[in-house]
Amino acid sequence: FGRKSDSASHFDTTYCYCCSIGSNLPLPITGKLRPGAFVWVGVEFVSRAPGILIIVENLTVPLDRRVWTEARALHDAGYTVSVVCPTGGKYTASYEVLEGIHVFRHPMPFEADGALGYALEYSWALAWEFALSIKAYFKVGFDVVQACNPPDLLFLIGGFWKYLFGKRFVFDHHDINP
């Protein structure tokens with residue numbers, strides 16, 4: 001980004017040199033800020049739409065219809081939506097954008113059976129989901145973490161973002177039994 005001068009006014013326009021498109025965001029030459037403006041090194045940034053990070057462990061998106069419906073409704077309401085989920089079926093890409101929704105997927109090496117199997121599966125998934133939440137934060141950004149159960153351990157990721165970064169946390173209880 002740079003500044004393209006407009007000698008006919010008291011403002012410059014933020015200009016993207018990579019695609020040669022002006023954003024028509026006036027920047028005061030005097031350096032005074034307009035109310036609500038964010039400035040970094042002389043360039044004004046437009047605030048992004050509020051972001052939601054949805055984490056689901058047991059089924060990939062868009063095959064998990066409940067999560068996909070929630071994500072699409074949030075996107076349609078103007079939110080930036082990211083989903084962290086496992087790979088599954090024909091959905092094996094580690095990252096893709098589906099209908100404007102950012103989907104981050106992690107591998108699942110096996111389907112759990114027994115107490116030890118569940119402990120390994122949930123530990124594997126939790127580690128991947130935590131790593132992908134960091135990737136989603138830097139790639140897309142979010143303000144709210146929504147954790148869909150099972151498993152109930154996703155509160156650990158939500159707690160990290162809530163207590164260290166002030167993000168809101170929503171526990172989305174899908175199953176009526178623990």
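The values are calculated or read from the model by the stated rules, or taken from the named source; none is laboratory data. Predicted, not measured: the structure shown is a model, and the values here were computed from it. Positions of Cβ are backbone-derived with ideal geometry, glycine not excepted, and every protein chain shown enters the neighbour counts. Calculation scope for accessible area: heavy atoms of the full protein, side chains included, ligands and nucleic acids excluded. Shrake-Rupley method; radii C 1.70, N 1.55, O 1.52, S 1.80 Å.
If you go through region 113-133 one residue at a time, do you hit one that is at pLDDT 90 or above and either of a type in the set (Lys, Arg) or in contact with a Lys or Arg (Cβ under 6 Å, 6 or more places away or on another chain) (or both)?
no
Limited to region 136-178, what total is found for residues that are in contact with a strand residue (DSSP E or B) (Cβ under 6 Å, 6 or more places away or on another chain), open to solvent by 70 Å² or more (accessible area, probe 1.4 Å) and either in contact (Cβ under 8 Å) with a residue 24 or more places away in the chain or assigned to a strand (DSSP E or B) (or both)?
Looking only at that region, the number is 2.
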